[in-house]
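Right, one structure below, let's go through it.
The values are calculated or read from the model by the stated rules, or taken from the named source; none is laboratory data. Since this is a predicted model, take the numbers as computed values, not measurements. So basically every Cβ, Gly included, is an ideal-geometry build from the backbone, and we count neighbours across all protein chains shown.
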Amino acid sequence: MSEIFNFDDGSNRFEVRLRRDEQNGYFVIIKDHEDNEREITVTAKVLGSGQFQFTLDNVIYKCSVAKDGDLRFIHLDGADYEIRRVTELEEEDFEETEDEGSLSSPMPGRIVKILVKEGDEVKKGEDLLVVEAMKMENKIVSPFEGSITEIFYSEGDQIEANVPLMEIQPSEISEES
Amino acid sequence: MFNRILIANRGEIASRIIAGAQEMGIETVAIYSEVDEESVHVHAADYSYPLGNPIPSESYLNMDKIIAIALESKSEAIHPGYGFLSENAEFAKRVQEAGLIWIGPNPKAIHAVGDKIQAKKSMKAAKIPVIPGYHGGSKNKKFLKQKAKEIGYPLLIKATAGGGGRGMRIVNSEHEFSAAYESARREAKNAFGKGDVFLEKYFTHIRHIEFQILGDHFGNIIHLNERECSIQRRHQKIIEETPSTALDDDLRNKMGEVAIAAAKAVNYTNAGSVEFVLDDTNNKFYFLEINARLQVEHAITEAVTGIDLVRWQIKIAAGQELQVQQEDIVSRGHSLEFRIYAENPEKQFLPTSGKIRTVQVPVGVNIRNDLGISTTGGEISTFYDPMIAKLIVHAETRDDAIQKMKWALRNYAALGIPTNITFLREVLNHPDFVSGNTHTDFVTEHYHKWKNGKTETPFQVLLAAALFEVMEPFMSSNTNGETASILNTIDPHSPWQKIGTWGRESLDVLSDRVSGTIGKGKAAIKKIIPVRSDDIKSSFIRDLDPHSPWKKIGAWEHNKKSSRKY
């Protein structure tokens, strides 16, 4: 019986089919988004927590993987990768619902200063607010030209990472970007 | 020598000091805030006391709490590490007033170098070259702007009480002055409690060279050669090396002598660093500041000189005379330190936080790992510095050291949140780094808007990801309790079946502490009766299956205790 896993590396989707052979061997088929298939026979061995090695055409790969939800952090052959495991359920309603006009905090911290107010017109790259994280002040700039429709926090507020800080209505010129 | 000392710090530096003290037969007391309860330094120490609220001012910066714990734990001395209270003259003084010994420079010297303006004046008086600037202490923005014009742009606004790049702004032209001034003042006030700033000429293409110094209470003072710390981002060092590629023996001796003169000008004692900027086009150098503490990058000096700086800090504080003389100091080979940070180099090196799931460090000849978190992972919290670890290598030549560092970084895995590891790997391959052409603008010049250049995901990565999914149940893991069903799948007759509970047992014992309070009112702190690591092990042994082979390790406890006497 084979198991199927889907991964997304940020630009492409992949499907990996894996069937256990006798002992520690696996027969694997990797299919990319253009349906190119690659067949592999591999043996693998657990080394420790999150660590394992696999042997492919006599080449030994030592690998570490850590997971956080559906994210997979992979250390392989001297480099690090981050990919996402995609479940089939997600695949159906894959449509991204990214909030185009809202500005999110890149890091957790505290809002020291808000340099704009609701209704302000801002240029791309203009300073919007100052967030203090790890005792350093970090300026957050406008990602595009537009007008500030709503500000969700006030000075002194503690914020989490990736929460919307303000709503910016993009002006028409920057729409294409 | 001391019997017991308290380490008023956390993470990697606390662990390093704890190990150093334990080697000398000194017992160690760790302190920890709520979020650090499971931190490496707590487990490394002989005793541990909670600080409660993780906010720095309530924990590692809280002088009352720390002194109360030092007295309560019968510590004889306090080592402050770096950062936090390490360069706080008032704290050093209060430690001494409480009848404890301060493992660091005398409070007068800390005060003399801590006020950057005062320090420059002392240096000028001692005929030590300082950077042109305005150190007059005025708070008048208009006046300062005029002074800025006289010094010329680009210039630096720096917090009088600053350090670590906080409260510091580069101003490229007059119209940027006001905003930069306000922002520097605000950041300085938040970080150091004082918003005072001074102005200095900003050199764009210079090297940052510092000399390690050691002074005792008998008037002996020596330097242990230089460290070059030119490669920085956000005004904080990320790569350090010794020796510097810019110094020959003549310049080294000259700068070393000036460093000693600078230290003598403020009657400096214990370990410290005299920082200079060096213009390598004409070999002119200027005094920048004295860091009155053990530096993050002290390990590279230890590597090339073979001298244990923490050991000397403790010996000097205990009243011993320096036994090494200037002529005994010989640097051998080349050492590099790369700092591993939880940060995103693609987003202006902004700090990241969250859970590191696994850390695997390279092990080999002359490779040193100073870790701030456990190899089974840990939390990088937003309360403290985002440095995860330091990787230090030592080899015969600079080329060998680079080669060793390349291998070490390739075999370094800190997974779970964005780190600077990939970035550091790239720096190692940069021709300017390889040739030693390193200046403080290295990162901005070569890596402005750096992007991780990975194009396609190799198929092996996808293979690894899929193998992980099927093999994960067979990997023992101690994070999040997503553990290890391997024990259930193996031979039921295996003796390993019996030790199934040990991980959990030991944790339960660790958290099983009794609470009470020290002090009254605002100064009251939650006290948890410390559990000796010996007690932990013995109670854990008690709780185990009576037939377990681990029962037999009682004798080991005994040995450990008796070894303390040496």
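How many residues does the range B:23-46 contain that are over 17 Å from B:Pro386 (Cα atoms) and touching a Ser or Thr at 6+ places or on another chain (Cβ under 6 Å)?
Looking only at that region, the number is 6.
Tally time: how many residues in the range B:394-419 are closer than 16 Å to B:Asp370 by Cβ and more than 9 Å from chain A (Cβ to nearest Cβ)?
3
Could you grab me the full set of residues in the range B:324-347 that are within 14 Å of chain A (Cβ to nearest Cβ), touching a Ser or Thr at 6+ places or on another chain (Cβ under 7 Å) and not in a loop (DSSP other than H, G, I, E, B)?
Those that are within 14 Å of chain A (Cβ to nearest Cβ), touching a Ser or Thr at 6+ places or on another chain (Cβ under 7 Å) and not in a loop (DSSP other than H, G, I, E, B): B:Ile340, B:Tyr341, B:Glu343, B:Asn344.
For the range B:28-127, which helices (runs of 4 or more DSSP H) that fit wholly inside it have 2 or more residues that are over 24 Å from B:Gly319 (Cα atoms)?
In the range B:28-127, the matching helices (runs of 4 or more DSSP H) lie at B:40-44, B:63-72, B:116-125.
Could you check, for the range B:157-171, whether at least one of its residues is within 11 Å of chain A (Cβ to nearest Cβ) and of a type in the set (Ser, Thr, Tyr)?
Scanning the range B:157-171 turns up no residue that is within 11 Å of chain A (Cβ to nearest Cβ) and of a type in the set (Ser, Thr, Tyr).
Look through B:Ile290, B:Ile260, B:Ile300 and report the one residue that is more than 14 Å from every other protein chain (Cβ to nearest Cβ) and part of a strand (DSSP E or B).
It is B:Ile290.
Looking only at residues in the range B:196-217 that are farther than 29 Å from B:Ala299 by Cβ and surrounded by 19 or more Cβ atoms within 10 Å (Cβ to Cβ), which one is modelled with the highest pLDDT?
B:Leu199
Hey, any hits in the range B:62-73 for a residue that's surrounded by fewer than 24 Cβ atoms within 10 Å (Cβ to Cβ) and under 23 Å from B:Asp308 (Cβ atoms)?
no
Considering only the range A:14-46, state which residues are buried (at least 17 other Cβ atoms within 10 Å of the Cβ), facing another protein chain (nearest Cβ under 8 Å) and not aromatic (Phe, Trp, Tyr).
Correct list: A:Val16, A:Leu18, A:Val28, A:Ile30, A:Ile40, A:Val42, A:Ala44, A:Val46.
Any residue at all in the range B:422-429 that's surrounded by fewer than 15 Cβ atoms within 10 Å (Cβ to Cβ) and either away from chain A (no Cβ under 11 Å) or in contact with a helix residue (DSSP H, G or I) (Cβ under 9 Å, 6 or more places away or on another chain) (or both)?
Yes, the range B:422-429 contains a residue that is surrounded by fewer than 15 Cβ atoms within 10 Å (Cβ to Cβ) and either away from chain A (no Cβ under 11 Å) or in contact with a helix residue (DSSP H, G or I) (Cβ under 9 Å, 6 or more places away or on another chain) (or both).
Filter the range B:360-374 down to the residues that are within 15 Å of B:Glu38 (Cβ to Cβ) and either within 8 Å of chain A (Cβ to nearest Cβ) or polar (S, T, N, Q) (or both) and list them by number.
B:Ser374
Looking at (1) buried (at least 20 other Cβ atoms within 10 Å of the Cβ); (2) more than 8 Å from chain A (Cβ to nearest Cβ); (3) free of Cβ contacts under 8 Å to residues at least 60 places away in the same chain, can you tell me which one B:Ala466 breaks?
(2)
Contact list please: Cβ distance under 7 Å, first residue in the range B:440-463 and more than 14 Å from chain A (Cβ to nearest Cβ), second residue assigned to a loop (DSSP other than H, G, I, E, B) and not charged (D, E, K, R), pairs at least six apart or on different chains.
B:Thr440/B:Ile206; B:Asp441/B:Thr204; B:Asp441/B:His205; B:His446/B:His430
Report yes if some residue within the range B:218-230 is under 16 Å from B:Glu289 (Cα atoms) and at pLDDT below 95; otherwise report no.
No - not one qualifying residue is present in the range B:218-230.
Condition test on B:Ile26, is it closer than 22 Å to B:Trp312 by Cβ and among the aliphatic types (A, V, I, L, M)?
yes
Test B:Phe285 against the criterion of being of a type in the set (Phe, Trp, Tyr), at pLDDT 95 or above and in contact with a Leu (Cβ under 6 Å, 6 or more places away or on another chain), and give yes or no.
When the stated conditions are applied, B:Phe285 passes them.
For B:Asn62, only one of the following conditions fails: (1) free of Cβ contacts under 8 Å to residues at least 12 places away in the same chain; (2) more than 25 Å from B:Ala89 (Cα to Cα). What is its number?
Checking B:Asn62 against (1) free of Cβ contacts under 8 Å to residues at least 12 places away in the same chain; (2) more than 25 Å from B:Ala89 (Cα to Cα), the one that fails is (2).
Take the residues of the range A:67-102 that are in contact with a strand residue (DSSP E or B) (Cβ under 6 Å, 6 or more places away or on another chain) and at pLDDT below 80: which is nearest to the other protein chains (Cβ to nearest Cβ)?
Ranking the qualifying residues of the range A:67-102, first place goes to A:Ser102.
The rows are residues; the columns are (1) buried (at least 20 other Cβ atoms within 10 Å of the Cβ); (2) among the aromatic types (Phe, Trp, Tyr); (3) farther than 28 Å from B:Glu379 by Cα.
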| residue | (1), (2), (3) |
| --- | --- |
| B:Arg4 | no, no, yes |
| B:Ile18 | yes, no, no |
| B:Met24 | no, no, yes |
| B:Val40 | yes, no, no |
| B:Ala45 | yes, no, no |
| B:Ala112 | yes, no, yes |
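With the condition being within 21 Å of B:Ser335 (Cα to Cα), I'd like the strands (runs of 3 or more DSSP E) fully within the range B:178-235 carrying at least 1 qualifying residues.
Ranges flagged: B:207-215, B:221-233.
Kindly indicate whether any position in the range B:349-359 is surrounded by fewer than 18 Cβ atoms within 10 Å (Cβ to Cβ) and either away from chain A (no Cβ under 13 Å) or part of a loop (DSSP other than H, G, I, E, B) (or both).
No, because not a single residue in the range B:349-359 is surrounded by fewer than 18 Cβ atoms within 10 Å (Cβ to Cβ) and either away from chain A (no Cβ under 13 Å) or part of a loop (DSSP other than H, G, I, E, B) (or both).
Being over 19 Å from the mean Cα position of the chain (by Cα) and assigned to a strand (DSSP E or B) is the filter; apply it to the range A:56-66 and report the residue that is farthest from the other protein chains (Cβ to nearest Cβ).
A:Ile60
So B:Ser178 fits all but one of (1) touching a His at 6+ places or on another chain (Cβ under 6 Å); (2) small (Gly, Ala, Ser); (3) farther than 19 Å from A:Ala133 by Cα; what number is the exception?
Among (1) touching a His at 6+ places or on another chain (Cβ under 6 Å); (2) small (Gly, Ala, Ser); (3) farther than 19 Å from A:Ala133 by Cα, the lone unmet condition for B:Ser178 is (1).
Going by what's in this entry, would B:Val359 be described as modelled with pLDDT of 95 or more, of a type in the set (A, V, I, L, M) and in the same structural domain as B:Ile221 (by TED's automatic domain parsing)?
Here the answer is no, as B:Val359 does not meet what is asked.
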